[in-house]
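Read the structure below first, then the notes.
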Amino acid sequence: MFNAVSKSPWIVHFNCNSCNGCDIEFLACLTPHYDVERFGILHIGNPKHADVLVVTGSVNNRNARVLQNVYNQIPDPKVVVAMGVCTSSGGVFAGCYNILGSIDLVIPVDVYVPGCPPRPEAMIDGIVKAVGILERKRKGEIFPTAHKPSQTFKPSEEQSAEKTVIKEEKTV
């Protein structure tokens, strides 16, 4: 059976909160020099049509709900690619009062691409790996993650207070 997704996956990009270094390098992947379309990968603007979600930047209290909403709009099975160090730890913004940390506190992540910013070649490798994971999810070899972001991410005053207490304990 021919599966069009393995031949032409559609990706949507979401910038949580970043310095835009990852975004500039991600756009370089779409230029003729790197030509990510040679793998059949298309960049689209609507998450309802996407197969792969590429996230850049660190998640904060204000964009966490939006990230969850974008993730929930992508039909199953879906794959999430975290581009850059900010998506995995908060990066240069870690420790700021409004940064939650890794995006996996809000949505499940399938592929991490390290770097600040990652090189376009690494980004392309990460997306190609994500396409392989997507194909395995479609075949039923990998089950969609049972991660429930609402159980992990609780945007409230209590969470902010907990982060402050943790910071104070580390500095004392």
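Miscellaneous remarks
- Net charge contributed by nearby residues that have their C-beta within less than 13 Å of HIS43 (K/R +1, D/E -1): -4
- Neighbour counting of Cβ atoms within 10 Å sorts the residues LEU53, LEU30, fewest neighbours leading, into LEU30, LEU53.
- Computed label-point distance, nm, for sites ASN46 and ASN15 using a 7 Å Cα→Cβ extension: 2.3
- Sorting SER18, SER8 by the number of Cβ atoms found within 10 Å of their own Cβ, with the fewest placed first, yields SER8, SER18.
- Inter-probe distance in nm under a simple model that places probes 7 Å from Cα toward Cβ, at SER89 and ASN72: 3.1
- For ASP51, distant residues with modelled amide H under 5 Å away: TRP10, ILE11, VAL12
- Net lengthening on full extension, LYS129/THR31 (0.36 nm per residue, minus Cα-Cα): 33.3 nm
Every read-out reported here was derived from the displayed coordinates using simple, explicitly stated rules and does not represent laboratory data. Keep in mind it's a predicted model, so treat the numbers as computed, not measured. We place every Cβ from the backbone using ideal geometry, glycine too, and count neighbours over all the protein chains shown.
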